[in-house]
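Worksheet: the structure to be examined is printed underneath.
Read-outs: derived from the displayed coordinates by stated rules, not from any lab. Note that this is a predicted model, so its numbers are computed, not measured. Cβ placement follows ideal geometry from the backbone for every residue including glycine, while neighbour counts extend to all protein chains displayed.
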Protein chains: 2
Amino acid sequence: MNQDYIKPDNWSIIEEGFDAERVKSSQSLFSIGNGAMGQRANFEEKYTGESFQGSYIAGIYYPDKTKVGWWKNGYPEYFAKVLNAPNWIGIDIEINGENLDLNTCASIKNFRRELNMKEGWYHRSFDATLKNGTEISVKVRRFLSIDLDEVGMINYEITPLNKDAKIIYKPYIDAGVTNEDANWDEKFWEPLKVKKTGNEAFITAQTFKTHFEVTTFMQNSIWQNGENLSISPSAIDSLPDKIKFSYDVIVAQGQKSSIQKIGGYTVSLNHKNTLVAAEKAIQSALTKGYEQLLNDQIEAWAKIWEMSDITIEGDVKAQQGIRFNIFQLNQTYLGKDNRLNIGPKGFTGEKYGGSTYWDTEAYCIPFYMATKDQEVARNLLAYRYNHLEKAIENAEKNLGFKNGAALYPMVTMNGEECHNEWEITHEEIHRNGAIAFAIYNYHRFTGDYSYIPEKGLEVLIAISRFWHQRANYSNDKNQFVILGVTGPNEYENNVNNNFHTNYIAQWCINYTQEQIKKVALEFPLDHKRIVEKVQLSDAEIQQWKKVADNMYFPKSEELGIYLQQDGFLDKDLVPVKDLDPSQRPINQKWSWDRVLRSPYIKQADVLQSFYFFEEHFSKEELKRNFEYYESFTVHESSLSPCVHSIQAAALDKMDMAYAFYLRTSRLDLDDYNKEVKEGCHITSMAGTWMSIVEGFGGMRIRNDTLHFSPKIPKEWKAYSFKINFRNQILKVAVSQDGTSFTVNGDTDLALVVNGKRIQARKLENSIINNL
Amino acid sequence: MNQDYIKPDNWSIIEEGFDAERVKSSQSLFSIGNGAMGQRANFEEKYTGESFQGSYIAGIYYPDKTKVGWWKNGYPEYFAKVLNAPNWIGIDIEINGENLDLNTCASIKNFRRELNMKEGWYHRSFDATLKNGTEISVKVRRFLSIDLDEVGMINYEITPLNKDAKIIYKPYIDAGVTNEDANWDEKFWEPLKVKKTGNEAFITAQTFKTHFEVTTFMQNSIWQNGENLSISPSAIDSLPDKIKFSYDVIVAQGQKSSIQKIGGYTVSLNHKNTLVAAEKAIQSALTKGYEQLLNDQIEAWAKIWEMSDITIEGDVKAQQGIRFNIFQLNQTYLGKDNRLNIGPKGFTGEKYGGSTYWDTEAYCIPFYMATKDQEVARNLLAYRYNHLEKAIENAEKNLGFKNGAALYPMVTMNGEECHNEWEITHEEIHRNGAIAFAIYNYHRFTGDYSYIPEKGLEVLIAISRFWHQRANYSNDKNQFVILGVTGPNEYENNVNNNFHTNYIAQWCINYTQEQIKKVALEFPLDHKRIVEKVQLSDAEIQQWKKVADNMYFPKSEELGIYLQQDGFLDKDLVPVKDLDPSQRPINQKWSWDRVLRSPYIKQADVLQSFYFFEEHFSKEELKRNFEYYESFTVHESSLSPCVHSIQAAALDKMDMAYAFYLRTSRLDLDDYNKEVKEGCHITSMAGTWMSIVEGFGGMRIRNDTLHFSPKIPKEWKAYSFKINFRNQILKVAVSQDGTSFTVNGDTDLALVVNGKRIQARKLENSIINNL
């Protein structure tokens, strides 16, 4: 843990007191988003202290053509940068001739931020004394509407405390923004046109190269003591990329003055004419008005929480942690637009670029599957189906594969690979397996098989073709091997026979063969269509089978474990507990070669197979492998602690499970990895959800039935979560005394709890004793 | 072979006929240089066809801060770009109102280029008919003075053939140049000031970031029928980064008109005031005049050839090839300035950046040692001694080593690492071994031990410290292993236990220990000084010894070979001869992951150890390893065929040795790797020299004595070379009948030829029968 200034609270993230050192971290933690856009918690008024400005629009990126080193064939053409979008939140404030700036004013008191997760708004308040002696009280609320998802609202209220004040509000929109992530001080936006009329202003700009067009807009109104003054700007500064209005008001001591600013974006992904769309967006917002929009916001979030909330009693920090995770996931992706996906930083930062990683399939789909309508998870699967052609093209043109083999991109915005490190892009191929696994997982959870004959089988075939071609026969081992890969543990590059990669490759081929048979039997028309489309023969399937049946897996008989890769035992095997703490995190302290040759593991790798395919292994095997690899795992990936938490719980190591849970749920709030100022770890937040539901709750799906083996950390009084299982909402409430299972609707739900069949009933608590 | 337009000639490189497709290749092949500067064979007059403009100044570079992928700790701060320097050769030509441009004129006849290697000049001639009907004959000679190495000369002569002509000569200097190697269209030069006076002009410019200041200058004179017209410019165009003079002359049909242009650079590496230095440089050149400078040039090259020429009779292409190699090496580096080194592209292109690679130690030093004064090779060694502190800093700050361990940079301009791919920079550590080997090799060849107590031992100690720390003990193998390296074969990255790396690491430690003992015994004062300076204890040496004595080497007992690295035998072992030729060169056809998991070898790797340490292995071992690895070697590094040629000759595979020789010597002339337009492969040219002297000639140094076992390809009548061995010049002349050995001076030289002791004598041919 590296910080502890966030106040524990069940429903809000709260910061009290102003500390310039914390500004960038808080800008990440207090970020807001609505699935379509989002922004870091930057101040509206000018701030000359250290800051990381960030507003982001889903689906908007820039192709950076930076060349890497000498040459590597097969690189994608670009690296997709997440772009800082034009700024619409800015409101410069002048009070009695002096600019309000928390970095330079005489004093700040009562500074407080609150991110109200229950209601979906961000509030900031403070009292400031300016150098000119004017004391003011400021209260700002901001939210991005879930319902009108192109619109955000700001209510910026100022009360002069010690004298009357001439206040000039200077709201602006600004397309002249830069990126944190830039090689030099490049600009990424080209302003096209500006429009201003009355209290409204618009800047239409497009991104260089990708030519996404965005109209950024604002509409302002000035209020005094709750009344709209209906005044017009006293001055307008207009540049090709920035429009600023000035509104002058005289406010008596103790009176409340405020500006309400409507702002946001309309983008060419959704509109032919983004300017017209922007004018409509303002109209829609004005029609509702601030109060109504705020009420709608509260209601929209209530609906989200109704389905996805997890309660924890007796441990406020744990409660706050899990809600923060669920809140951020819903801010990032709501499943409304199937062209979008879940970026690793969501709308909280630029790092990593791109939007879609294997995180979606391995970590996020279970969360969305269980807390939203089935359609949302199906959309996430279809996202990959829609990119199948590009994945085949990627494998063929960039990497030389044949016959419809697909390699899905490691990082993508639109189906094209958009990362450019060979050890990742070319070699971290287990991602293909995760995409196949998600299809299996979706069917296992929802029981909806239709996706497989309709779309999934084509994806599975293309992936199996890839594995078949990617493996080669080793005469030395008399088995098939997979050389030159990077596993989930990215602290190893270009290794041979990574256990997880070999295992998931074998599984993909076996699973695909089963589905081909099943579709042939149950959906013969789909089978015919697909076999013809992809030109699949039995002979080819036999070729795949040879690879799967004769796959090599590295292991140590002596230790009774699978080896992460060939040669793992040659390393200097000092466990993490004996590592000098000053050397951690190793990814910040050590050079890359040293990280690579060390035994230290960034995130579950062998254990990822044990997580995906738990039922393939005995508990004894899990225990041996878990204990061995846990001792070398540094958890420097945000995706790591959740898997370890789930497995620790399965192995009855509840203290360890609890520690991992806290680490995953408060990774950002407590800044474990010393980097929260760069943004939050969005995709791993779904892992936090899993570590409660699958870890402590022990939820599994076996034979179309939900299984649970509930456990509870000794630190907690009780916890509860809900699961949307095949259109029945099951509430699971676990306390130190026992567990209750309740379903909505009139149909019972058959469950297996601790190996025993029970029926969950409506309005009836079937309390099961824990042990 | 991909081209064959270069006319075979013993002493010149000749192109006949104009072909726009060949322009970029010829610009590389006809490059000229004088060790301090050099340039591609760009046309003086405007050329609007496809062209790769390039002028280079030794030691001038730009630090490119391009970021690579996500993050890798330990990267150097920059990648050193070779910079295209301001253009001083440009002379626009206007004839009767039309610009001369070979891309647009009505016809071109008798186009001919000649690079006269014997005399060190480049000549181009052609007859052109302009669109306006004027026919002219053009003859241009250009050379870069070896004696006044800041100065180059152009004599541009025009004869109107079918009518009188008004000719306007527009010589210019231009600092507004761009780079081929640029991420975007960046500029790298900032013009500081211009000066023009009479027929002279100067632009002083500095490189961005590195702030190297360069004054580019020109002085022009106009001649008619051999007489200087002493005219002044009729017009002057002056921009901050370009100055162009115009000289108008009327030339009668059949009369010879010419412009003589003196040009070049003075740089802040050598002068406080580069402008004053430039004025002096022009004065020096004017004092001598064109004819005298040309005569001096011919004389300077005669001296170079006197020592370094290799003659081949009966095979013009082979003769032309070896002379091209020797010529280019001498154009690139003459050993005058010990801050400079031998860049992989010399002055012929930008690729690879930086100037100094392990090529210098492994390939170039033997050439310079044998064909120049001993001081030149000693300077090349001292270059690394002078960078020792930076190499220690590199190991410590970037890579986390301790206690004075040094890792020399993979690529450098000034001792700092300036490349940025982790698999190269962090892992291709065998380079450290090559630097130690060069110290051994220098002593072996020159007999000058003084370098070791004076400087070399400190380098050896720092390198041994590196190996000691870089190896780790494998409990699994009960031996020391070296994990995560890239060997000389860069088609493998991050492998474990690369044989060559492990072998040279062991050798370095053993050799260093021997030298410490020897210096202690023979130079006790130096020993004391060094041991105190570097704080070396016997206990530490014992630690090194443990590593060297227990080093692991991968091998296959079954095949009787060393393995290139752990796991090599898991590959799909299809020999190169069975590879579809359309797939080659694999580095242009395959994606990087495919190259990596293939068995194909870019250049000698296991065989590099056999080359360095031939006497450690039996001929049987060499044969088995050579035959095994040769079958997988694609020779896509220019450094590859020479080692294979030498080893094939040692194994009496003379046809193979000859084929490799041709490939190495005519690599660029015949464009084997389809890339000569990017520049020539300078450092590998020293390998060509080795393949004659060490390959066919069988030269070795054993126990302070030169050994030979001369062989001759059946395609040749005879060949000869000279060796400066400890200040005696030995000429070795081999024919199909036998070999003669002649020394200059009055002292005999004892040799061992085919195992038999003989005396080489002055003016006396000791003919030895070949077999």
Just checking, does the stretch A:98-107 include any residue being in a strand (DSSP E or B), more than 14 Å from chain B (Cβ to nearest Cβ), touching a residue at least 60 places away in the same chain (Cβ under 8 Å) and not hydroxyl-bearing (Ser, Thr, Tyr)?
no
Being outside any strand (DSSP E or B) and under 30 Å from residue B:192 (Cβ atoms) is the filter here; which residues of the stretch B:230-253 pass it?
B:231, B:232, B:233, B:234, B:240, B:241
May I ask you to list the residues in the stretch A:272-310 that are under 30 Å from residue A:692 (Cα atoms) and not in a helix (DSSP H, G or I)?
A:309, A:310
If we scan the stretch B:330-344, do we find a residue that is of a type in the set (Val, Ile, Thr), part of a helix (DSSP H, G or I) and in contact with a helix residue (DSSP H, G or I) (Cβ under 7 Å, 6 or more places away or on another chain)?
yes
Need a quick list: strands (runs of 3 or more DSSP E) entirely within the stretch A:672-771 having at least 1 residues that are touching a Lys or Arg at 6+ places or on another chain (Cβ under 6 Å).
A:700-702, A:705-708, A:718-725, A:728-735, A:738-743
Lone unmet requirement of (1) away from chain B (no Cβ under 14 Å); (2) surrounded by 18 or more Cβ atoms within 10 Å (Cβ to Cβ) for residue A:235:
(2)
What residue, of B:726, B:702, B:757, B:761, is of a type in the set (Lys, Arg) and under 25 Å from the mean Cα position of the chain (by Cα)?
B:726
Taking residue A:575 as the residue in question, decide whether it is exposed (fewer than 14 other Cβ atoms within 10 Å of the Cβ), touching a residue at least 12 places away in the same chain (Cβ under 8 Å) and not basic (Lys, Arg).
yes
Just checking, does the stretch B:44-60 include any residue being in a strand (DSSP E or B), in contact with a Phe, Trp or Tyr (Cβ under 7 Å, 6 or more places away or on another chain) and closer than 26 Å to residue B:661 by Cα?
no
Extreme residue, nearest to residue B:462 (Cα to Cα), among residues of the stretch B:438-448 that are surrounded by fewer than 24 Cβ atoms within 10 Å (Cβ to Cβ) and in contact (Cβ under 8 Å) with a residue 40 or more places away in the chain:
B:440
Looking at (1) aliphatic (A, V, I, L, M); (2) within 11 Å of another protein chain (Cβ to nearest Cβ); (3) crowded, with 19+ Cβ neighbours inside 10 Å; (4) not in a helix (DSSP H, G or I), which is the only condition residue A:604 fails?
(2)
Find the residue count for the stretch A:265-308, including only residues that are over 19 Å from residue A:35 (Cβ atoms) and of a type in the set (Asp, Glu).
2
Looking only at the stretch A:361-384, decide whether some residue is of a type in the set (D, E, K, R), assigned to a loop (DSSP other than H, G, I, E, B) and touching a strand residue (DSSP E or B) at 6+ places or on another chain (Cβ under 8 Å).
yes
Return yes when residue B:15 is within 27 Å of residue B:244 (Cα to Cα) and more than 20 Å from the chain's Cα centre (by Cα) and no when it is not.
no
Pull up the stretch B:363-406, narrow it to residues that are acidic (Asp, Glu) and away from every other protein chain (no Cβ under 14 Å), then point me to the one that is nearest to residue B:544 (Cα to Cα).
B:389
When the residues of the stretch B:461-480 are narrowed to those that are within 11 Å of chain A (Cβ to nearest Cβ) and within 18 Å of residue B:399 (Cβ to Cβ), which ends up surrounded by the most Cβ atoms within 10 Å (Cβ to Cβ)?
B:471
Note on the stretch B:563-583: residues away from chain A (no Cβ under 13 Å) and under 25 Å from residue A:482 (Cβ atoms) are B:564, B:575, B:576, B:578, B:579
Of the conditions (1) within 14 Å of chain A (Cβ to nearest Cβ); (2) within 27 Å of residue A:496 (Cα to Cα); (3) more than 23 Å from the chain's Cα centre (by Cα); (4) in a helix (DSSP H, G or I), the single one that residue B:587 does not satisfy is (3)
Within the stretch A:547-562, take every residue that is in a helix (DSSP H, G or I) and surrounded by 14 or more Cβ atoms within 10 Å (Cβ to Cβ) and give me the one that is farthest from the other protein chains (Cβ to nearest Cβ).
A:548
Kindly provide the set of residues from the stretch B:413-435 that are farther than 18 Å from residue B:355 by Cβ and either within 12 Å of another protein chain (Cβ to nearest Cβ) or not in a helix (DSSP H, G or I) (or both), ordered by number.
B:422, B:423, B:426, B:427, B:429
Residues that are of a type in the set (S, T, N, Q) and more than 28 Å from residue B:343 (Cβ to Cβ): does the stretch B:597-604 have at least one?
yes
Scan the stretch B:189-209 and give yes if some residue there is within 14 Å of chain A (Cβ to nearest Cβ) and within 30 Å of the chain's Cα centre (by Cα), otherwise no.
yes
Going by the structure shown, is residue B:491 hydroxyl-bearing (Ser, Thr, Tyr), under 19 Å from residue B:604 (Cα atoms) and in a loop (DSSP other than H, G, I, E, B)?
yes
